[in-house]
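Here is the structure we will look at.
The values are calculated or read from the model by the stated rules, or taken from the named source; none is laboratory data. Just so you know, these numbers come straight off a predicted model, no measurement behind them. Reconstructed Cβ throughout: ideal geometry from the backbone, glycine too, with neighbour counts over all protein chains shown. The accessibility values were calculated without ligands, DNA or RNA, using every heavy atom of the protein model including side chains. Shrake-Rupley method; radii C 1.70, N 1.55, O 1.52, S 1.80 Å.
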Amino acid sequence: MLEAYKKKFHKNNFQYILVDDSGCILESDETILPVKKNDLLQNSHPFFEILSSLLLIENERFDFSCINLNFEDLLFITDVTIHSQNKNENLVIIEDLTKHYSNYQLAAQTRNESIINSQVLELKNEYLLEKETFKNNFIANFSHQLRNPITASLIFSKLLLKNNQLNDEQKNYLGIVLSSNKDLKDRIENILDISKIQSGKLKLVDKVFNFKEILKDIVSAYKILASNKSLKFNISIDERLPDYLRGDSARLKQVIENLLSNAITFTNHGSIDLKVSLNYIRARKANIQIEVIDTGCGIPPNKLDFIFERFTKIESTIENENTAGLGLSITEHIISEMNGNITVESTINEGTKFKCNISINESLFNDSLKQELLKNQLPHLGVKRNILLVEDSELMQLTLLKILAATGDFYLNIISKGEELIPNITSQEVDLILLANTIHDYSVVDLATSVRNLSKDHKKTPIILLSTEAFQEDLKRFKKAGINAVITKPFDEKKLLDSIYKHIK
């Protein structure tokens, strides 16, 4: 009897059980569950308690999926089909799908874990983005708050130094103020540079510059700093060095200054040596070697492998001197961008030597070309020009007034509110606009755009932005708004005046 049903329904992993209307087992092949003839199937597992009601319905088929049937130490995950008959014979078919359901469950679990991991990663990315945004906002606000007072301090200190009535002691004090402000300015720039490096936004510019003049400026400034600590400052500049190079002069200067600042910081007695020499020139590329040697406290051997990492603390034998700085990390990155390398040698209590090699393009520009260009430049404008200054900091207003008044070339009109800009440029002649990006309640982009939208004449009025924002995306945004030039605070007097004379007509 059972064989007839098995022939009709047989498949692998199946067990066939024939029961009467009460659930008593008439026959079973016992391939899966250990049941015996004349036992009630309901007693073998609680699931089969349903038979009592289902077998009352004649000629029906009932299907159940993913049923867990456990017997002693065995667990089967099965599909169960019940065929109720009309002659006191009912067929129960059990299909063992343990492997199938286990694999399915594993796949589902893996998929769920993948989804969860993806969601966790997304949350982490959101957190990192929020963290990066917070950091950038903090740096921007930090920079913004300090740039104006540092600019004013630098400018007024330089103006005071020009006063012939100062005695030597007063000039020395002002020199200390200038060097301290320069150090503070450099630290701010370092923080911004690290942020740019982390986001991949530190870009090198490509301009012609007089390398020997840059070295002269560096030597002049650091002689004072070394003298303040009673250190000898020895300079060796190779005469074979090209006068003019093409590259990023500001970053090259930053490399040398960072190394010199580091040397002076950790040296209390002895000397600082700066050696700049030419290795070779090939295919119009100059390979330059820069060495900075000090007689300071030295770097512990276990720290030498880490000094170029950000915020690495170097303990010093100098009282109250230690650093967890950024200068060396930035220096290494800039040198790497210039296809160069940097090495360090140090002995405790004897000193440290940093040596770097940088490749930079030689320029065809020379002094004869420079003199020819200077002939075509007027030392004065001839007629005073009108400059409109839009600046809400009284300190910066006074600073810029002093700078421009000293030239004798400009009339300066000062406003501090954004809503006063358009009425001023439409009611009087304005040859150039100096616009700060700190005007309360106003976007500098909106202000510049409103000027450009007035008329064809106003589209040509030069706008120089005095900015506390220095990221590349900011500069692109300013240029798109029609701003002709951006002077980043803190700036020096020469840089500002060069830009004004370049753009004014």
Limited to segment 364-392, what total is found for residues that are part of a loop (DSSP other than H, G, I, E, B), modelled with pLDDT of 85 or more and not acidic (Asp, Glu)?
1
Quick check: is even one residue across segment 52-62 open to solvent by less than 30 Å² (accessible area, probe 1.4 Å) and among the β-branched types (Val, Ile, Thr)?
no
Test result for Asn437, at pLDDT below 90 and either of a type in the set (Asp, Glu) or under 28 Å from the mean Cα position of the chain (by Cα) (or both)
yes
Considering segment 219-235 alone, what residues qualify as being part of a strand (DSSP E or B) and open to solvent by less than 60 Å² (accessible area, probe 1.4 Å)?
Phe233
Output the number of the condition that Lys476 fails; it satisfies all remaining conditions of (1) at positive phi; (2) open to solvent by 40 Å² or more (accessible area, probe 1.4 Å).
(1)
Residue count for segment 414-441, restricted to those that are part of a strand (DSSP E or B) and open to solvent by 20 Å² or more (accessible area, probe 1.4 Å)
1
His503 vs (1) buried (at least 19 other Cβ atoms within 10 Å of the Cβ); (2) touching a strand residue (DSSP E or B) at 6+ places or on another chain (Cβ under 9 Å): all pass except (1)
Could you grab the pairs with beta carbons closer than 8 Å, sequence gap of 6+ or different chains, first residue in segment 212-235 and within 16 Å of Gln254 (Cα to Cα), second one open to solvent by 80 Å² or more (accessible area, probe 1.4 Å)?
none
Inside segment 274-304, the number of residues satisfying the requirement of being surrounded by fewer than 19 Cβ atoms within 10 Å (Cβ to Cβ), closer than 17 Å to Pro242 by Cβ and touching a Cys at 6+ places or on another chain (Cβ under 9 Å) is 1
Take Gln42 and tell me if it is outside any helix (DSSP H, G or I) and modelled with pLDDT of 85 or more.
no
Taking the condition open to solvent by 80 Å² or more (accessible area, probe 1.4 Å), modelled with pLDDT under 90, out of contact with any Gly (no Cβ under 7 Å at 6 or more places or on another chain) and closer than 28 Å to Leu154 by Cα, does Glu319 pass?
no
Subset tally (residues that are open to solvent by 50 Å² or more (accessible area, probe 1.4 Å), free of Cβ contacts under 8 Å to residues at least 12 places away in the same chain and part of a loop (DSSP other than H, G, I, E, B)) for segment 442-464:
1
Checking Tyr411 against (1) in contact with a strand residue (DSSP E or B) (Cβ under 6 Å, 6 or more places away or on another chain); (2) crowded, with 18+ Cβ neighbours inside 10 Å; (3) outside any helix (DSSP H, G or I), which test does it fail?
(2)
Can you tell me which residue is surrounded by the fewest Cβ atoms within 10 Å (Cβ to Cβ) among those in segment 81-98 that are in a strand (DSSP E or B) and among the hydroxyl-bearing types (Ser, Thr, Tyr)?
Thr81
Every pair of residues 6+ apart whose Cβ atoms lie under 9 Å, when the first sits in segment 103-132 and is farther than 30 Å from Cys66 by Cβ while the second is of a type outside the set (Lys, Arg) and in a helix (DSSP H, G or I)
Glu132/Gln198
Has segment 21-29 got at least one residue that is open to solvent by less than 50 Å² (accessible area, probe 1.4 Å), in contact with a strand residue (DSSP E or B) (Cβ under 7 Å, 6 or more places away or on another chain) and modelled with pLDDT under 85?
yes
Note on segment 465-505: residues out of contact with any helix residue (DSSP H, G or I) (no Cβ under 6 Å at 6 or more places or on another chain) and either in a strand (DSSP E or B) or of a type in the set (S, T, N, Q) (or both) are Leu466, Ser467, Gln472, Thr488, Ser499
